[in-house]
Amino acid sequence: MPHRTLSPLARCGALLALGFLALTGCSRAPTELVVYSSRNEQLIKPMFDRYTQETGQAIRFVTDDAGPLIERLAAEGKNSPADILLTVDAGQLWQAAERGLLQPIESEIIKTNIPAHLRDPQSRWFGLSVRARTIVYSTERVDPQDLSGYEDLADERWRGRLCLRTSKSVYNQSLVAMMIAAHGEERTEEIVRGWVANLATEPFANDTRLMEAIVAGQCDVGIVNSYYFGRLVRDKPDLPIKLFWATLAGEGVHVNVSGAGVTAAAPRAEAARKFLEWLTEAEAQAMFAGANLEYPANPNVAPDPLVAAWGTFQPSPLNVAQAGELQAAAVRLMDRAGFR
Ligand code: FE
C-alpha cells in the first residue's frame with residue numbers, strides 16, 4: 001500500500017488520539033456542510049432539512065452561545081471543520097470578522113437580496129433576519145402621541161416610568177453604539193443619564209420580564225426586541241401593551257440582525273456560499289424569520305402575519321456593522337452613566 005502523508009485517515013487517527021471526537025471532521029461525509037450556530041436547533045433545523053431535500057446537500061450543525069462558538073473557531077484555526085458561523089447580533093458577527101475568523105464572500109445574489117445596511121461593508125457576513133429594538137408601552141397609561149425617539153425617553157416627563165433591560169445585554173450595547181454613531185458620545189451619554197434618572201426600578205435580566213413589569217403597572221414604557229413582544233402577545237393577545245416604532249436621530253427604528261458568514265478555514269467555502277445564497281431567497285427567508293417572529297432581511301419577503309399586524313416601519317439607515325465597531329465605547333459610556 002502506497003504511503004501517503006496527511007491522509008484524512010492519518011489526520012483523524014491523530015486527532016482521535018488527542019481526544020477530539022465530536023467535530024474534527026473525521027466522522028462526516030466529505031461533502032457535508034458544518035454550521036456553528038448560536039441560533040437554536042428548533043429555529044434552524046427545518047430550513048436545513050428543506051435545503052437537504054432540495055439539493056441533496058447534507059448539513060451538520062453544532063449549537064452553542066456565540067462567545068464559545070467564536071472561541072472554538074479561533075482555537076481550531078485552520079483545522080476547523082466549520083464552514084459557516086450563524087449567530088445573532090451584528091456585534092458578534094463583527095467580532096468574529098475582526099478576529100479573522102470569516103472570509104469575504106462575493107455574491108451578486110446576496111447583494112441583490114440583502115440591503116447594504118444589513119451587510120458587512122467588507123462582505124464577511126450579512127443579516128438573514130431583522131429584529132427591531134423599539135419602544136413598548138402600556139396602552140392603559142401612555143398615549144402613543146407622546147412617544148417619538150429613544151432620545152425622548154430621557155425627558156423628565158418619563159421620570160419613574162421607564163423600564164430597561166440591563167446594560168450587559170448585547171442588544172442594549174448595540175443600541176447605544178448606534179446612538180453614538182448618530183449623536184456622538186457626549187450627547188449619547190446625556191441621553192443614557194436621562195434614561196437612568198427615569199428608571200422605575202432596577203434594570204431587568206431580559207425583555208420578557210420588562211414587558212411583564214409594564215403589564216403589572218410597575219412602569220409605563222420600555223425598550224425591547226420585537227420578537228419577544230411577539231412571543232408574549234402570541235400567547236396572550238389581550239395584554240395592554242403595544243410596540244411603538246421609535247426613531248433614532250429622527251430617522252428609522254434601531255434594527256439588528258441574526259446573520260451568517262463563511263468561516264476563514266471553511267473546507268467547503270463554495271458549497272457554503274451556495275447555501276447562504278439560498279438562505280437569502282424567498283422560501284428560506286420566510287422560514288428563517290417566521291420561526292422567531294422576526295422580519296426577513298430580504299425586503300421582498302413578507303413577514304409572518306402576526307408580525308405584519310404591528311404595521312410597517314422605516315429601519316435606521318445606519319450600517320449594523322457600527323454596532324460592533326462602537327460596542328466597546330458603548331459599554332464604557334453606559335458604565336460612566338450609571339446604567340447597570
Ligand atoms: Fe434574543
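Below, the figures for the structure above:
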{"read-out": "Single match in GLU156, GLU190, GLU151, GLU185 (criterion: within 24 Å of the chain's Cα centre (by Cα), more than 30 Å from ALA286 (Cβ to Cβ) and open to solvent by 40 Å² or more (accessible area, probe 1.4 Å))", "value": "GLU185"}
{"read-out": "Flag if ARG50 is crowded, with 17+ Cβ neighbours inside 10 Å and basic (Lys, Arg)", "value": "no"}
{"read-out": "Answer residue from region 173-211, given it is part of a helix (DSSP H, G or I) and of a type in the set (Ser, Thr, Tyr) and is nearest to the ligand (Cβ to nearest atom) among those", "value": "THR208"}
{"read-out": "Filter result (open to solvent by 40 Å² or more (accessible area, probe 1.4 Å), touching a residue at least 40 places away in the same chain (Cβ under 8 Å) and not charged (D, E, K, R)) within region 75-113", "value": "ASN79, GLN92, TRP94, GLN95, GLY100, GLN103, ILE109"}
{"read-out": "Selection within region 33-68 - of a type in the set (A, V, I, L, M, F, W, C) and closer than 21 Å to ALA266 by Cβ", "value": "LEU33, VAL34, VAL35, ILE44, MET47, PHE48, ALA58, ILE59, PHE61, VAL62, ALA66"}
{"read-out": "Which numbered condition ASP220 misses (of (1) under 22 Å from PHE126 (Cα atoms); (2) in contact (Cβ under 8 Å) with a residue 60 or more places away in the chain)", "value": "(1)"}
{"read-out": "Listing of helices (runs of 4 or more DSSP H) fully contained in region 212-324 that carry 3 or more residues being within 16 Å of the ligand (Cβ to nearest atom), over 29 Å from ALA75 (Cβ atoms) and not assigned by TED's automatic domain parsing to the domain that holds GLN95", "value": "226-235"}
{"read-out": "Selected residue (only one of ARG161, ARG124, ARG165 is of a type in the set (D, E, K, R), within 16 Å of the ligand (Cβ to nearest atom) and crowded, with 20+ Cβ neighbours inside 10 Å)", "value": "ARG165"}
{"read-out": "Where ALA116 falls short, out of the listed (1) touching a strand residue (DSSP E or B) at 6+ places or on another chain (Cβ under 9 Å); (2) open to solvent by 10 Å² or more (accessible area, probe 1.4 Å); (3) farther than 21 Å from GLY290 by Cα", "value": "(1)"}
{"read-out": "The one condition in (1) over 16 Å from the mean Cα position of the chain (by Cα); (2) surrounded by 22 or more Cβ atoms within 10 Å (Cβ to Cβ); (3) within 23 Å of GLY100 (Cα to Cα) that GLY259 fails to fulfil", "value": "(1)"}
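Okay, residues lined up against (1) assigned by TED's automatic domain parsing to the domain that holds SER226; (2) in a loop (DSSP other than H, G, I, E, B):
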| site | (1), (2) |
| --- | --- |
| GLU106 | no, yes |
| ILE109 | no, no |
| HIS117 | no, no |
| ARG124 | no, yes |
| TYR137 | yes, no |
| ASP152 | yes, no |
| SER167 | yes, yes |
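Quick grid of which residues meet (1) at pLDDT 95 or above; (2) at negative phi; (3) open to solvent by 10 Å² or more (accessible area, probe 1.4 Å); (4) touching a helix residue (DSSP H, G or I) at 6+ places or on another chain (Cβ under 7 Å):
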| position | (1), (2), (3), (4) |
| --- | --- |
| ALA197 | yes, yes, yes, no |
| ASP207 | yes, yes, no, yes |
| MET211 | yes, yes, no, yes |
| GLN218 | yes, yes, yes, no |
| LEU232 | yes, yes, yes, yes |
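The values are calculated or read from the model by the stated rules, or taken from the named source; none is laboratory data. Note that the coordinates shown come from a computational prediction; the quantities given were computed from them, not determined experimentally. In this analysis, Cβ positions are derived from the backbone assuming ideal geometry, glycine residues included, and neighbour counts consider all displayed protein chains. Please note that ligands, DNA and RNA were not included when accessible areas were found on the heavy atoms of the full protein model with its side chains. Shrake-Rupley method; radii C 1.70, N 1.55, O 1.52, S 1.80 Å.
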